[in-house]
Amino acid sequence: MAKWKSVLWSDKSKFEVHFGKLGRHVIRTKEDKDNPSCYQHSIQKPASLMVWGCMSACGMGSLHIWKGTINVDSYIQVLEQHMLPSRCRLFQGRPCIFQHDNARPHTASITMSWLHRRRIRVLKWPACSPDLSPIENIWRIIKRKVRQRRHKTVEQLEACIRQEWDTIPIHKLEQLVSSVPRRLQSVIKRRGDATQW
């Protein structure tokens, strides 16, 4: 368990806000014509934000929010401006291991050289791996809370994401990080197939 407490987990996730009028689309049988569970809202032109964040068992790191995609240069900028300060604040000089997935900007030789020059140890992460990182659970928690608020603007969405990020309690982070050995055992047991995590 001590090994996993020394990991700085990172990931990005997409959040959407929907503009325009919400129409209703009905999928039902004749018998269900008045059943509200048969209504689906149709949405026009969703706008989105990409969010990068990092966390450890000892706290939440910073967030970077942008529109569009990320390339190698912008990813290195995120690492410089958000990962490094988060690493210093959360681990205060103690050794740690940085985790990110195998997205192209992460595995590019420029990124790997940048990490190597700064002597940042990187956790080897299997390609096409099931989502074992505890930060995936953080994204699900935040997305559930964000959906409940039904934001109408990108600015409202961003403010809500930041607010929810800042309210994740330490005990939740400790709980998620302590579940990593069970996650790994579950993947091994299921031979790489989908798990409960």
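Some values worked out for this structure:
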item	result
Breaking point among (1) touching a residue at least 60 places away in the same chain (Cβ under 8 Å); (2) open to solvent by less than 50 Å² (accessible area, probe 1.4 Å); (3) over 15 Å from the mean Cα position of the chain (by Cα); (4) under 20 Å from residue 65 (Cβ atoms), for residue 156	(2)
Segments classed as helices (runs of 4 or more DSSP H), wholly inside segment 133-197, with at least 1 members that are touching a Ser or Thr at 6+ places or on another chain (Cβ under 7 Å), acidic (Asp, Glu) and over 14 Å from residue 60 (Cα atoms)	none
Residues of segment 61-82 that turn out to be surrounded by 13 or more Cβ atoms within 10 Å (Cβ to Cβ), closer than 22 Å to residue 157 by Cα and among the β-branched types (Val, Ile, Thr), as a count	3
Tally, over segment 1-60, of residues that are closer than 28 Å to residue 159 by Cβ, polar (S, T, N, Q), at pLDDT 65 or above and exposed (fewer than 15 other Cβ atoms within 10 Å of the Cβ)	1
Test result for residue 139, among the aromatic types (Phe, Trp, Tyr) and at pLDDT below 95	no
Matching residues in segment 99-122 - criterion: being within 17 Å of the chain's Cα centre (by Cα) and either more than 11 Å from residue 11 (Cα to Cα) or open to solvent by 30 Å² or more (accessible area, probe 1.4 Å) (or both)	101, 102, 104, 105
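The values are calculated or read from the model by the stated rules, or taken from the named source; none is laboratory data. What you see is a predicted model; the values in this text were computed from it and never measured. Ideal geometry is used to build each Cβ from the backbone, glycine not excepted, and the neighbour counts take in all protein chains shown. Keep in mind that these areas ignore ligands, DNA and RNA; they rest on the heavy atoms of the full protein, side chains included. Shrake-Rupley method; radii C 1.70, N 1.55, O 1.52, S 1.80 Å.
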